[in-house]
Structures are given as C-alpha cells and as structure tokens.
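Undergrad: Have a look at the structure that comes next, please.
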There are 2 protein chains.
Amino acid sequence: MRASQLPLFTSKNDPNDAQVASHRLLSRAGFIRKQGAGLYIYLPFGDMVHRKIEQIIREEMNRFGGVEVTLPVITPAELWQESGRWDVMGKEMMRLQDRHEVSYALGPTHEEAMTDLARSFLQSYKQLPINLYQIGRKYRDEIRPRYGLIRCREFVMKDAYSFHVDDKSLDETYQKMREAYRAIFERCGLKTIPVEADSGNMGGSGSEEFMVASAIGEETLLICSDEKCGYRSNQEKTPFIENTGVVGHSSNNTGANAEDFETKELKTIDEVAKLTGEAPRNFIKAVIYEDNATIVLCFIQGDRELSEVKMKNLSGMTEYWLASEETIKAITGADPGYAGPVGLKHKDGDKVGKKVLRIFYDGHLKGRSGLIAGANKTHFHTKNVAEGRDFVITQGHDLINAHAGDICPQCKKAELTETRGIEVGHIFKLGKKYSEKMGLTVLDQNGKPLTPTMGCYGIGVGRTMATAVEQNHDERGIIWPRNLSPFLVYLVSLAKGEAEVSFVEKLYATLQSHGISTYLDDRDERAGVKFNDAELVGFPFIVTVGKKTVESGKIELKLRRSGEKLELGESELLARLQQV
Amino acid sequence: MRASQLPLFTSKNDPNDAQVASHRLLSRAGFIRKQGAGLYIYLPFGDMVHRKIEQIIREEMNRFGGVEVTLPVITPAELWQESGRWDVMGKEMMRLQDRHEVSYALGPTHEEAMTDLARSFLQSYKQLPINLYQIGRKYRDEIRPRYGLIRCREFVMKDAYSFHVDDKSLDETYQKMREAYRAIFERCGLKTIPVEADSGNMGGSGSEEFMVASAIGEETLLICSDEKCGYRSNQEKTPFIENTGVVGHSSNNTGANAEDFETKELKTIDEVAKLTGEAPRNFIKAVIYEDNATIVLCFIQGDRELSEVKMKNLSGMTEYWLASEETIKAITGADPGYAGPVGLKHKDGDKVGKKVLRIFYDGHLKGRSGLIAGANKTHFHTKNVAEGRDFVITQGHDLINAHAGDICPQCKKAELTETRGIEVGHIFKLGKKYSEKMGLTVLDQNGKPLTPTMGCYGIGVGRTMATAVEQNHDERGIIWPRNLSPFLVYLVSLAKGEAEVSFVEKLYATLQSHGISTYLDDRDERAGVKFNDAELVGFPFIVTVGKKTVESGKIELKLRRSGEKLELGESELLARLQQV
C-alpha cells in the first residue's frame, strides 16, 4: 500500500486527555481517534492491527476446539431477568428500550445469551463438551473511561463459553484455554502473567487472569518472592497471612479486664492510637455496609484495610453502600465511630429494622487479647479486649486485603511482592449458576436430565493492542511486535528524479512479490517528516531509498527496535526480510 | 473440519415465523437462530458465510480505493443534533442514555460520525478525494422485523463515505463504487438489478439501488419493456407518465359550467363513480397530511394512488400523519370526504390555525375538464370541473405512484413492467448536506475554505447472504454459490469397518492437502440423516464414501445444484474439484 492510497493519520499533538503511552502513541501515530467519552474510532492502521489480533485469537481458539458464532449485541432483558443479573449489573450495563417499550441490554458479557443459545440445541450429553466463542462488541458504562483503549465503553472482546457434563471435562477445557491464551499472547508479542483471580459476579469457582505488568495497571498483583513457589494472584483474591516475623507474635496481653474509657470526639484508629500510644495493630476496626436487605458488620485488625471484594463474596451483596448513620445507631446504639464487638446489643442473624444483620470477623482476631475497640457507646472505647472472653469468634473469615510483605498463602514461607497489572484475558470456571437458573439440561447416559457445568473465557482485543504498545515503544514511537504490525516494512521514498522514482517503484514491487508487506511513503513531504512518521507508526523495518541508493546500489535498512542501520544490496535485503 | 469438532445445527422444523425461503432454510440448515424480534445469532456456518461476504466486500472496496476504518456503534447525540437528524430519525433510531444521562444513538447509519472524523483530519484539498468505509453493526428499530435476515433490527453493513472537492470527483468515485458493487455481487453469485432510487432523508441528488429480484421483495421496480432503453427505477423514484394509448386522450369535456350535486354519505371516488357512472379517472382525488407545522393538501387524478415518497420529498415533511377530521374541516369547511380544488376557502401558503397550508397538484390534472371533485361542502360534490376555469394549476408536480403499464420516463415510448425487489446495496450522491451542517471545510488551491461534497455507499451483509439463498435453493435446501459456501465439499462418511474408516480419513487428508476445503460428516448417524443434512446445508459438492467405495475404488461425487452423480477415481475427483 502507498500513502497516496492509504493515508497516514499521524498528528503532532498528543490528545489532551492522554495519560498513558499507548493512548498517546496510538493517537499520535494515527491508529485511533476519540469520538466520545470511552468511544474510539479505529483508523486504517488501527483497524489492521485489531484484525490481526482477532485472527490470531480465532486461529488459536479453533486449534483448541472453539466453535465460532456471533450473537446479537442487543440482548433481551428477559434473559438477564432469568439469571437475576438484570438488577445486579447496575449502572455499568447500558440499557435501552425499543419502540414498543421492551427493554434490552447492550451486552457487557454474554453468559445469558450463550446459555439461551445452548438450551436451544443441546439435548444430549453426546453433544458435550462444546466451547462456543464469538469475537464481538461489548459495552460497559465505565464511571471513568480512561487510558484510551485500556478502559473504554465500547470494545471488542473474544468471549467463549463452554458446557460440560462434569467438572473433569470442564477442567480439561479450562486447561486447553490456558494453553490457547498463552499461545495467543505469545503470538501477539505480549508478556503476560497468569494470576489467580476473583470471579466476581460471574459466579463460579476457579478463575485465572492474564495480566500485563504495567505501572498504569489498575489491578494489584501479588507474587511470591520465592520463584520456586511461583504463586501469583490478584490482590482481590489473595488470602491474607500476616507476616508475624515482622509484626511479632500476638500482642500486649495484660490479663486485665475489659474497660471502657472516654475518647470524646476521637473516633478513628489513628486518633485513638495517638491518644493511647497503642499500635493500630492492637485495635479492632469495624466497617459497616448495607444494601436493601442486609447490614454487614465486619471486624478486622486495626492496621489493615478491609477487602471489599472478599466482603462482597462472603455476604453475597452486589449493590451496597457504607451504612448510614441511622443504621449504625440502630445496631451499636452509638454515633458512628464507636462500633466494637463487645456489648453489641444485636447478634449475627438478628433483624434490625427491616434488614438482617450479618457479623463477620477476620480470622486474625481469633485468640487476640489486649485490644482496643469501639465501646458501642458515644464518646467511649473499650480497652483490654480479649477474644474468647469479651467476644467470641466461632468462624474466622479472610477479610483483609493482602499486600507486599505479607506471607505467601501457597508456600506459607516467603513474602509476597507487589506489582501493577492490566488484565487482558480472564478464564473462569462458572459452574452451574447460569445453566441452573436458565433451565439448561441435557439427557445423560441413563436418559436422566443433567445440568451442564460451564466455563467462560474472555480476551479484550483493543486492550491487547494497547498493552502491546505499553510494552513496546520508545520516545520516538511504537515498536510493533511483528505479528501485529500493519506492515512489515515502511519504505521511505526520498526519490526526486525519474531514475530514483523508478528504483523505488521497482523495489516496492519486488518486496511485494516476495510476500513482504510494505507501506510506501510516497508523499510529497520533507525527509524529516517521513522519518519521524516511520518511527512513530513503528513497523519493524524502515527501508530508505534516495539519491545515494541509486548511486551506490546499497539500500538502507533500519531496525526499528534496536535502531541499528544496515546498508544492503537488494538480494541481501530480501534475504534479511524474508528470514522474518 | 469434522462434524465432531464443528457440529451441525440442523433442525427438522421450520421456525414458526418463517415466511420466506431464506429465513426457513438458513434456520433449518443451522446458519442462524433467532434470539429476539429481529435479532439473530449467526451459528458457525452462518458466521463463515458472513465473513466470506465481508472479505469479498473488503477486497473490492480496497481495489476501488476504499480506506477501511471502524467507528463506534454508539454515536453521541450531539453529532445527530448538528445535522438536524436527531429529531428527524424518529423511532427507527434506537437511543440510550449513559449513567450521566448523556444521550446516544445506536447508529443506523454513520454520515454524521464519518463527517466528524473527516473534519478532525481533513485540512487541504490535497487530501481529497478520500473514501472511508467500515464493515460494522447497524441498528434500526423496524416496526415489523421479518423475513429473517432480510429485515432485522441488528445487522452488519458495509458503509462508505467519500469526500470531494467537486461534483466531477464525486462522480468518478460514484462510478468506481458502481463497478465495485457489480464486482462484489458477482463474486457473491448474486444477480442484481441496478435501479434509480429515491435518496430519502439521506439528502443529495443521484442515487442507485442494487436490487435482487424476488417475489418477497418489499420494493417495487419499474423496468422499461424496451431493453434498448434500459430504464430501471424504484417505483418511489419513477416519474409517472400516463399511458394515453390505453386511457385515451383528455376527457369528457362538455363545456358545461361547474355545478354542485348532492352525494349524501357517498364520499369515496368508487361510490360517487357508481352513482354518476363516471370513470374514476375523471375524478379529482384529494389526500391530506399534516405534521406539527404544516398541512399538505394533494390533488391527483381519481384512478391513481398518491406516492407518499414524492409527497415527502416535495413537502420536506418527515414525521407526518393523515390529517385529522378537525384539520380537514378547518381547510375545507366540510366533513372529511368532500375536499376538492374548487371554492376552497384557503389558498397555498395560508396559515390555518397554527399550521401552514401547502397545496400541491399533480401535473396530469393540468388542462383537464369535465371532472368531478369534492365540493368542500358536506354531502356535496362538484361536476363539470375544468382546470384553468374553476381552479388554476400554476405548477404541476409529479405526485403519483407509477406502475406497470405506464409510459417509461426515459424513452417516453415503451410501457413499464413491474417486478419486486430486495435492496442489497445503495449508492448516493449526498452533496454538501452534512459537510455544510457540520462545518467540514478544507483549504482549496488558493488557500480559501472549500466545503467538500460527499457520497455514501452501503451494502447489507446479512441481507446479501439471505438473498443469495433466495436465489439459490431448491426443495431440499440451500445451494451455496461457491464463493460463499462455508466449505466446498461435504464428505459423507458411511464407513463402518477399519478399512472404510481409514479410506475416509485418507481421502479427507488428501482433499485438505490439495486446498479443497472439506467438511467431514463423521457423526454416528444413519445415512439418510447425513444425506439430508448435506443437501440442506448446501455446499457445492457432496462426496460419499462407504463400503462400495472401498470395494470399487470409485468415489461418489454429487453436484448439489444439478443433482448429477458421478463415480470417480481419487485422481479424477481431485482434478474435478480443483478445477473449481
């Protein structure tokens, strides 16, 4: 292709909302352009890269047993109502009504639609396993769309859904998808870190994310510092094990009786710690949430943060908020800031007003004593609190956000380290959540109905493209991994006279006839502009032809990644480029 | 591919809403499945055909200078407001609001979005012409989605938009697109009829539709019976010329004065014709529409139908309805049924209530006399009405729906014939409607701002697939044109013993290694089931291997279209299939 046929859309200016390299470079290099908040146009080169990634995904999915279909983007509300997610998905799901006031969602994911398809044709266990996938648009009404293609509102995903007679079959497909994902990301030139992940409101048990390490990542990954252990996990999912080698064992147990003391308007752990000189670790932190049906009161040790994901998974709450002052008063009898486990007037399971109270303790509080907690009395805290005496934990939970320095939950020895990551792929074992709710059954070997178990497997295509740029660029522009580059060669023509023009044209024809995909910059522009654009758009090889070339017969080949320049005869050049 | 990897989704039953062959066969053969009103899942074979059509379109668009991009489906309301179409598009455009209550449309077409892209990078006349296209989803909230893929609410279109310095350049690209479209439909094995078309609310002047002749077509095409003339047009667009060779010249002019006569409750032309014995052609028909700002009163001769499209184009109305009884009384002074041109108390341009009255006469009434019309008086009509004496037509318009038997507006001699058609492609000269409204300018050769003129060019991908089936099927199933067929060969394995299985496997491998795409039906099903499915899914060649094959060495090849059966040795079979 020639620039005169397929124009460059390069720009000298960064978009004013570009905070990250991929957004900045994909925009400046003319691969994408914003058309609204979280809505991006793919310009010709961007479209080419996107389709290359789609094709890699398609090939690997087919190789590992995927069956491609395409579902409508608009999914009837009734399917979401069957699964119960019409209400659960909240504002992130975009919705609309047709002219007859029938409601639809713009699918942010397709578990319901795919289960609906499955129940329309699955009749027998003989048809299983089957792994149906599509490569199509998804919609999520992000509160804060940002980072260009990394967090946008309309994007293309490959999403696959598998159906199985049992967990063994599900696990086989799950392992195949792990292999497929590794192959896909490798072919895309992306280094990914597979980590254990939370499965959120998708339901199900096992789940693994494919992360691209990046300072701009919105996910926190915890990785065991002992490579032999190899534990890698999303922070959301990582069980917290306190590093007692650092914090010391247990606490300041004085044996004294629990005793209220006045703290007036000092409410936070920091404030009361300063007042008492006691370390935050020896406090009991109370965090209270509620939804329309439930109040959840969580107690954890005072120096750590509650994990909302763990709390959600434990409580089953989906749309929730921090408890109101009124709710807090109803369960503690005190103003906010003085909640504690001792002398609570309500117990786990009580009705408080119209809602059910649930009380969860983090397991690390078990057996602790000499603690300070709110006294459930305005302006008072309690000291010398001992678990087992002043309150009792019958079941300890995992409620705390793990972070770097905590103990690895796998080897239980080494410390965890922390890195930031961008999720590009995610595989789940869904279980029977959707098949049960939507009445999907097949007949088993004995002619009895069997509810299939399911898996689902997603890859963000645009996000894969963006993270490839995050991992492959320099100050001059993008450096495309070969399999993603729109063209292999950027041919800079500095030709002026007839001899030079015919040299360029001949070389362009020769490269193409050798199957070397080439973009010929035949614009009427200064050499500097062409070189800058060649570096910015980032194809692997830059070939330059000008007056010198015709005189010497030597063609300049520049390797975009290393910056190395070679002077080669035509046959050497062809040999070099065909090696690739 | 094998049936054990890529299952068949064939079904014994027609969908209960299937009225047409393509809907019935694509569903039964397992290419598509309905998921909601006008919302279709593409199953694996359907997806393959769809992608083949997309690729044919892409290749031809690129060959004829198209530049591929991809725009978001969600388009900001503000773009539609700039062009004025936010209000005009009415209920056919699906709309939604995001969490911040910002409005968007699910693009039914992308003139605005593409013009917005163009103004973001077009600066100079040197960048023109450019023809940007995309292959993407479109949404139209059809009142009555039906006929499967032919009229659905979510579908894939190729839509291209070109930008030009002048009409000459626009015409060059328009002609290229005609060529591209011919090439595309030919490669898809579709016989299309290009016809002159109305450009509706897209704006612009020239416009041509590519029609597939079909009894189920929703469009009426008028074709000159003289092949040498070659005139072909959508009925909506065809100027009406009365065939006076059939109806006779002029009329029953008696010279008598106009005179009211009592018709009581007889209101329709049919009724009054029976009462008076006068032919409907000698009546004046009044048809009255209104919208929020305008009342449009049309007069045409009594034996013909008003063309709403012509009325819309003339009046500029978009969302309108038949005038209310109240409106009719206000302009005629009589009950509905008695409107006529004589003695109207209002004239063209008058304000009637809050609305402006427009009066349009069809040109065929010019010079007529001896006519019967409503008297604008309840229970009365007027006879002996003469144009020029009792009412005056200063400008005659083209308001009547032409149909078969009328005179060809091109050669003005031969009669028109009629056929039904399905629109699969449409090319328009848009002109400057969008570039002007949206402030798109480039600098011309003198550094002065120039507003580019535009063209736009659409093809419905799913509809192309459906019409290919409409044109290519028999009572046993689909007969795919070769370039669209998911596979070239359907290989029916009737193998039982080891020798037979190994024969089939070897043949399957051989076919594939020769680049002959083959679907191996290796299911554990009866021969009859396999043969039926092979005919139903409709790949061009059906190869059968069973016990006899292994014994004789002769392989059965059945040509799906002709039904011809051949017994061939392996090398003959390969030679035959590679010819294709």
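The values are calculated or read from the model by the stated rules, or taken from the named source; none is laboratory data. All values derive from a computational prediction rather than experimental measurement. Methodologically, a virtual Cβ is constructed for each residue, glycine included, from the backbone with ideal geometry; neighbour enumeration extends over all protein chains shown. Heavy atoms of the whole protein, side chains included, go into the accessibility calculation; ligands, DNA and RNA do not. Shrake-Rupley method; radii C 1.70, N 1.55, O 1.52, S 1.80 Å.
Undergrad: Rg(Cα) of the protein assembly as shown divided by 2.2 N^0.38 Å?
TA: Dividing the Cα Rg of the protein assembly as shown by 2.2 N^0.38 Å gives 1.14.
Undergrad: How big, on average over all directions, is the shadow cast by the Cα convex hull of segment B:418-491, in nm²? All intermediate terms of the calculation are to be shown ahead of the outcome.
TA: Working: hull surface 38.5 nm².
Averaged projected area of segment B:418-491's Cα convex hull equals 9.6 nm².
Undergrad: Report the per residue volume, in Å³, of the convex hull enclosing the C-alpha atoms of segment B:447-580. Mind showing how you got there, number by number?
TA: Details: hull volume 21.8 nm³, N = 134.
Each residue corresponds to 163 Å³ of Cα convex hull volume.
Undergrad: Right, next: Extension gain B:GLN579-B:ALA404, at 0.36 nm per residue separation less the Cα-Cα distance, in nm?
TA: 58.6 nm
Undergrad: Ok, one more. Where does segment B:1-46 land on Rg(C-alpha)/(2.2 N^0.38 Å)? Each step should come with its number before you reach the end.
TA: Values: Rg = 10.9 Å, N = 46, 2.2 N^0.38 = 9.4 Å.
Its radius of gyration relative to the 2.2 N^0.38 Å reference: 1.16.
Undergrad: Measuring from a point 7 Å out along Cα→Cβ, what nm distances, shortest first, does A:THR276 have to its partners in the other copies?
TA: 10.4
Undergrad: Let me ask something else about it. With a ≥ b ≥ c the root eigenvalues of the C-alpha gyration tensor of segment B:135-273, is it rounded (a/c under 1.5), prolate (a/b larger than b/c) or oblate?
TA: Here segment B:135-273 falls in the prolate category.
Undergrad: Next question, about the same structure. Computed on protein heavy atoms with a 1.4 Å probe, what is the summed buried accessible area for the chain pair B and A, in Å² to the nearest 100?
TA: Result for this pair: about 4500 Å² buried.
Undergrad: Shortest first, in nm, what separates the label point of A:ARG144 from those of the same position in the other copies (7 Å along Cα→Cβ)?
TA: 5.2
Undergrad: Let me ask another. Per q in 0.11, 0.14, 0.18, 0.19 Å⁻¹, report the Debye log10 I(q)/I(0) for segment B:9-160, using one uniform scatterer on each alpha carbon and no solvent.
TA: For segment B:9-160 at q = 0.11, 0.14, 0.18, 0.19 Å⁻¹, log10 I(q)/I(0) is -0.55, -0.83, -1.14, -1.19.
Undergrad: Then there's this: Any idea which of B:HIS381, B:VAL356, B:GLN395 is furthest toward the positive side of the dipole for segment B:354-396, if Lys and Arg beta-carbons carry +1 and Asp and Glu beta-carbons -1?
TA: So the residue furthest toward the plus end is B:VAL356.
Undergrad: Okay, moving on. Please work out whether segment B:358-471 counts as rounded, prolate or oblate from its C-alpha gyration tensor, where a ≥ b ≥ c are the square roots of the eigenvalues and a/c under 1.5 means rounded, while otherwise a/b larger than b/c means prolate and anything else oblate?
TA: On the way: a/c = 2.78, a/b = 1.53, b/c = 1.82.
Cα axes put segment B:358-471 in the oblate bin.
Undergrad: Helix by helix, which DSSP H runs in chain A go 18 Å or more along their axis at the Cα atoms and have an average Kyte-Doolittle hydropathy of 1.6 or more?
TA: None clear 18 Å together with a mean of 1.6.
Undergrad: Got a sec? Which residues of segment A:15-41 lose 30 Å² or more of accessible surface with every protein chain in place, vs. that chain alone, 1.4 Å probe?
TA: A:ARG33, A:GLN35, A:LEU39, A:ILE41
Undergrad: Continuing with this model, one more query. How much of the DSSP beta bridge set in chain B is antiparallel, as a percent to the nearest 5?
TA: About 80 percent, rounded to the nearest 5.
Undergrad: What's the magnitude of the charge dipole for chain B around its Cα centre, counting Lys and Arg as +1 and Asp and Glu as -1 at the beta-carbon? Answer in Debye, nearest 20.
TA: 560 debye
Undergrad: In peptide B:6-13, what is the residue-averaged number of other protein chain Cβ atoms found within 10 Å of each Cβ?
TA: 2
Undergrad: List the trypsin sites (Lys or Arg not before Pro) within segment B:396-435 that fall in a DSSP loop (any state other than H, G, I, E or B) and whose Cβ has at most 16 other Cβ atoms within 10 Å.
TA: Answer by residue number: B:LYS412, B:LYS413, B:LYS432.
Undergrad: Enter the accessible area per residue of segment B:225-345 (Å², integer; probe 1.4 Å; all protein chains in place). Write out the running numbers ahead of the final one.
TA: On the way: 6060 Å² over 121 residues.
Value returned for segment B:225-345: 50 Å² of accessible area per residue.
Undergrad: What lysines does A:LYS413 reach when the alpha-carbon gap must be under 17 Å and sequence neighbours fewer than 8 apart in one chain are set aside?
TA: A:LYS228
Undergrad: Same structure again: Tell me the carbon and sulfur percent of the accessible area for segment A:213-275, rounded to whole percent, probe radius 1.4 Å.
TA: Ligands and nucleic acids excluded, carbon and sulfur give 47 percent.
Undergrad: With unit charges on the beta carbons (Lys and Arg positive, Asp and Glu negative) and the dipole taken about the Cα centre of segment B:97-165, which residue among B:PRO145, B:GLY107, B:LEU128 sits farthest to the positive side?
TA: B:PRO145
Undergrad: Under a Cβ-Cβ cut-off of 12 Å, what is the net charge of the residues other than B:GLU271 that fall near it, where Lys and Arg count +1 and Asp and Glu count -1?
TA: Net of charged neighbours comes to 0.
Undergrad: Ratio to report: Rg/Rh of segment B:280-345, with Cα atoms as the point set and Rh obtained by the Kirkwood method; give two decimals.
TA: Here the Rg-to-Rh quotient is 0.95.
Undergrad: For segment A:42-119 and segment B:224-283, write down the distance between their C-alpha centroids in whole Å.
TA: Between the Cα centres of segment A:42-119 and segment B:224-283 lies a distance of 55 Å.
Undergrad: While we're on this one: Which lysines, if any, have their Cα less than 28 Å from the Cα of B:LYS554, not counting same-chain residues under 8 positions apart?
TA: Candidates past the 8-residue exclusion: B:LYS496, B:LYS506, B:LYS530, B:LYS565.
Undergrad: Tell me which A residue has its C-beta closest to the axis rotating A onto B, and the distance in Å?
TA: Spelled out as residue then distance in Å, it is A:LEU96, 2.
Undergrad: Also: Restricting attention to segment A:62-135, which GluC sites (Glu not before Pro) occupy a DSSP loop and are surrounded by at most 13 other Cβ atoms within 10 Å? Mind dumping the intermediate values first?
TA: Working: sites: A:GLU68, A:GLU78, A:GLU82, A:GLU92, A:GLU101, A:GLU111, A:GLU112; in loops: A:GLU101.
Those satisfying the criteria are A:GLU101.
Undergrad: List the lysines whose Cα lies under 27 Å from the Cα of A:LYS347, skipping any in the same chain that are fewer than 8 positions away.
TA: A:LYS264, A:LYS267, A:LYS285, A:LYS310, A:LYS312, A:LYS329, A:LYS355, A:LYS366, A:LYS377, A:LYS383
Undergrad: Size of the dipole of segment B:290-425 about the Cα centre, Lys and Arg at +1 and Asp and Glu at -1 on the beta carbon, nothing else charged, in debye to 20? It would help to have the intermediate numbers written out before the result.
TA: Working: 18 positive and 19 negative charges, 109 e Å.
Using only the charged Cβ atoms, the result is roughly 520 debye.
Undergrad: A further question on this structure: Could you pull out the trypsin sites (Lys or Arg not before Pro) across segment B:228-309 that fall in loop regions by DSSP (anything but H, G, I, E, B) with no more than 12 other Cβ atoms inside 10 Å?
TA: In loop regions of segment B:228-309 (DSSP not H, G, I, E or B), the sparsely surrounded trypsin sites (Lys or Arg not before Pro) are B:LYS228, B:LYS264.
Undergrad: Calculate the dipole size of the protein assembly as shown relative to its Cα centre from +1 charges on Lys and Arg beta carbons and -1 charges on Asp and Glu beta carbons; express the result in debye to the nearest 20.
TA: Result for the protein assembly as shown is approximately 860 debye, rounded to the nearest 20.
Undergrad: Before I look further, what does segment A:376-520 give for accessible area per residue, probe 1.4 Å, in whole square angstrom? Spell out each step's value before the answer.
TA: Details: 5830 Å² over 145 residues.
With the other protein chains kept in place, segment A:376-520 gives 40 Å² per residue.
Undergrad: Could you compute the FRET efficiency for B:ASP260 and B:GLU308, with r as their C-beta to C-beta distance and R0 at 22 Å, rounded to 0.05?
TA: 0.10
Undergrad: At 7 angstrom along the Cα-to-beta-carbon line, where would the label on A:ARG420 sit relative to the other copies? Give the distances in nm, shortest first.
TA: Ordered by increasing distance: 6.2 nm.
Undergrad: Principal axis extents for chain A, Cα atoms only, whole Å, descending order, please.
TA: Per principal axis, max minus min of the Cα coordinates gives 98, 65, 51 Å.
Undergrad: Shape call for segment A:209-368 from the C-alpha gyration tensor, a ≥ b ≥ c root eigenvalues: rounded (a/c under 1.5), prolate (a/b greater than b/c) or oblate?
TA: oblate
Undergrad: First compute the accessible area of segment A:59-156 with a 1.4 Å probe, then give the percent of it belonging to carbon and sulfur atoms.
TA: Reported share for carbon and sulfur atoms: 43 percent.
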